[in-house]
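Asker: One structure coming up, written as structure tokens, with questions to follow.
The values are calculated or read from the model by the stated rules, or taken from the named source; none is laboratory data. All values reported here derive from a predicted model rather than from experimental measurement. Counting neighbours? That spans all protein chains shown, and the Cβs are built from the backbone with ideal geometry, glycine included.
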């Protein structure tokens, strides 16, 4: 096999076959993994709620609003990694893909280390900005001090997972998140109850989960598929600027949702700890029920990237169409399940009447916004993978800032805490519909014009081109 011939076992698997099957397989694998992580997080909140102190639940809600930023930064970094790796795979440059993967991982880890340091040092001020006060604020700050440093491990694990997704390894990418979730599901109640650590035990469980995610990602990416090359300064210099061009807008895009959530948490805090406790439960319900839709951007980015690298514009169009259809059906089913499950959730978490009203507003109205929000996530994937990442940034901030904030202030004045939920649903309906149309128009236009090339200088040749063999 020549040095320029890609290994047949690792050819671009998204270049052939049904695009709908690729969308379903990658999204459901990503959804299974990420949903399980969020199920574990929801279980943590459930165990905390059983301690009988609403301040603990509210503290977890305030801390979640802040940690949401760091998690979203990690997702933006992973999107950039998937885009660069999958394009190289589509162009047949598998050795370049390996070096892109390693350099992306190092850049992601370094960026998240800076984020972790900033959040750790400023955690008291950040908690105060959410509206938390007194003992609740102190508990939220302590939770952050324990859990935030581990986002560096999360970044490395997500980058390794991005390499797996870019190559179409759906099953292994799912295991990267399933394995740590399963372990923490078992040990969390032991730490929270058995050892009597309470909220500290929940924070330690989050840190443990992220360390296990990194370990699982390295195992599959390195030991099983050999998708990472040796670290090299030359690769960092070569990929830093292209990576930043994608990661910067992608991070800004991902930051829109936690920024909106942060602002909504501040508004909700004005209605008391009970409302914030209900809001915390809504946050967990959202990510558990709609994890599949939230994973669309990362899951199908590799499909767009490979087919763009191979200049298969017809498959870009079919991928976009199939992703929209899948998202529509998925969200309708999830909405129905939330409506049916909401009474059990309210009783299970022991919510007060004020908190229960917030959860009911989400179940019957707020969750419906995701039917239209799904189109927003699909357009994000297309814009990020196909060189128009700033468009994703624009539509996301339009939804979570420009539209949602004034609506939330207005509707909260009319309907109380439930108005925050209604505002999010209306914003998703309006902006999601417009973003879906804009993305469709953009993808359909690609056969008439050429996007700028990736323009990455190739890595230096290596003596062993067959390192892609499966072990």
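Asker: Those residues that are modelled with pLDDT under 80 and either closer than 27 Å to residue 120 by Cα or touching a strand residue (DSSP E or B) at 6+ places or on another chain (Cβ under 9 Å) (or both), I need them from the stretch 198-227; list them, please.
Answerer: If the condition is that a residue be modelled with pLDDT under 80 and either closer than 27 Å to residue 120 by Cα or touching a strand residue (DSSP E or B) at 6+ places or on another chain (Cβ under 9 Å) (or both), then 198, 199 are the ones that fit.
Asker: Something else now. Report yes if residue 68 is more than 21 Å from residue 382 (Cβ to Cβ), modelled with pLDDT of 70 or more and either out of contact with any strand residue (DSSP E or B) (no Cβ under 6 Å at 6 or more places or on another chain) or not in a helix (DSSP H, G or I) (or both), otherwise no.
Answerer: Numbers: more than 21 Å from residue 382 (Cβ to Cβ): yes; modelled with pLDDT of 70 or more: yes; either out of contact with any strand residue (DSSP E or B) (no Cβ under 6 Å at 6 or more places or on another chain) or not in a helix (DSSP H, G or I) (or both): yes.
Criteria met by residue 68.
Asker: Based on what the data block shows, is residue 323 modelled with pLDDT of 75 or more, under 22 Å from residue 361 (Cα atoms) and part of a helix (DSSP H, G or I)?
Answerer: Values: modelled with pLDDT of 75 or more: yes; under 22 Å from residue 361 (Cα atoms): no; part of a helix (DSSP H, G or I): yes.
So residue 323 fails the test.
Asker: Would you be able to tell me the number of residues in the stretch 373-394 that are surrounded by fewer than 24 Cβ atoms within 10 Å (Cβ to Cβ) and either within 16 Å of the chain's Cα centre (by Cα) or part of a helix (DSSP H, G or I) (or both)?
Answerer: 4
Asker: Looking at 242, 249, 258, which is the one that is closer than 22 Å to residue 439 by Cα and part of a helix (DSSP H, G or I)?
Answerer: 249 is the lone residue from the list that is closer than 22 Å to residue 439 by Cα and part of a helix (DSSP H, G or I).
Asker: So, in the stretch 331-353, exactly how many residues are buried (at least 18 other Cβ atoms within 10 Å of the Cβ) and without any contact (Cβ under 8 Å) to a residue 60 or more places away in the chain?
Answerer: Residues meeting the conditions: 6.
Asker: So, residue 361, is that one in contact with a helix residue (DSSP H, G or I) (Cβ under 6 Å, 6 or more places away or on another chain), part of a helix (DSSP H, G or I), at pLDDT 80 or above and within 19 Å of residue 261 (Cβ to Cβ) or not?
Answerer: Considered against the rule, which asks whether it is in contact with a helix residue (DSSP H, G or I) (Cβ under 6 Å, 6 or more places away or on another chain), part of a helix (DSSP H, G or I), at pLDDT 80 or above and within 19 Å of residue 261 (Cβ to Cβ), residue 361 comes out as yes.
Asker: Could you list, in sequence order, the residues of the stretch 395-415 that are modelled with pLDDT of 85 or more and either loosely packed, with under 15 Cβ neighbours inside 10 Å or over 26 Å from residue 384 (Cβ atoms) (or both)?
Answerer: Once the filter is applied, which keeps residues that are modelled with pLDDT of 85 or more and either loosely packed, with under 15 Cβ neighbours inside 10 Å or over 26 Å from residue 384 (Cβ atoms) (or both), the stretch 395-415 yields 406, 407, 408, 409, 410, 411, 412, 413, 414, 415.
Asker: Just to be sure, is residue 299 at pLDDT 75 or above, out of contact with any strand residue (DSSP E or B) (no Cβ under 7 Å at 6 or more places or on another chain), part of a helix (DSSP H, G or I) and buried (at least 23 other Cβ atoms within 10 Å of the Cβ)?
Answerer: Answer is no for this residue.
Asker: Assuming residue 95 fulfils every condition listed in (1) touching a helix residue (DSSP H, G or I) at 6+ places or on another chain (Cβ under 6 Å); (2) touching a residue at least 60 places away in the same chain (Cβ under 8 Å) apart from one, which condition is it?
Answerer: Of (1) touching a helix residue (DSSP H, G or I) at 6+ places or on another chain (Cβ under 6 Å); (2) touching a residue at least 60 places away in the same chain (Cβ under 8 Å), only one is false for residue 95: (1).
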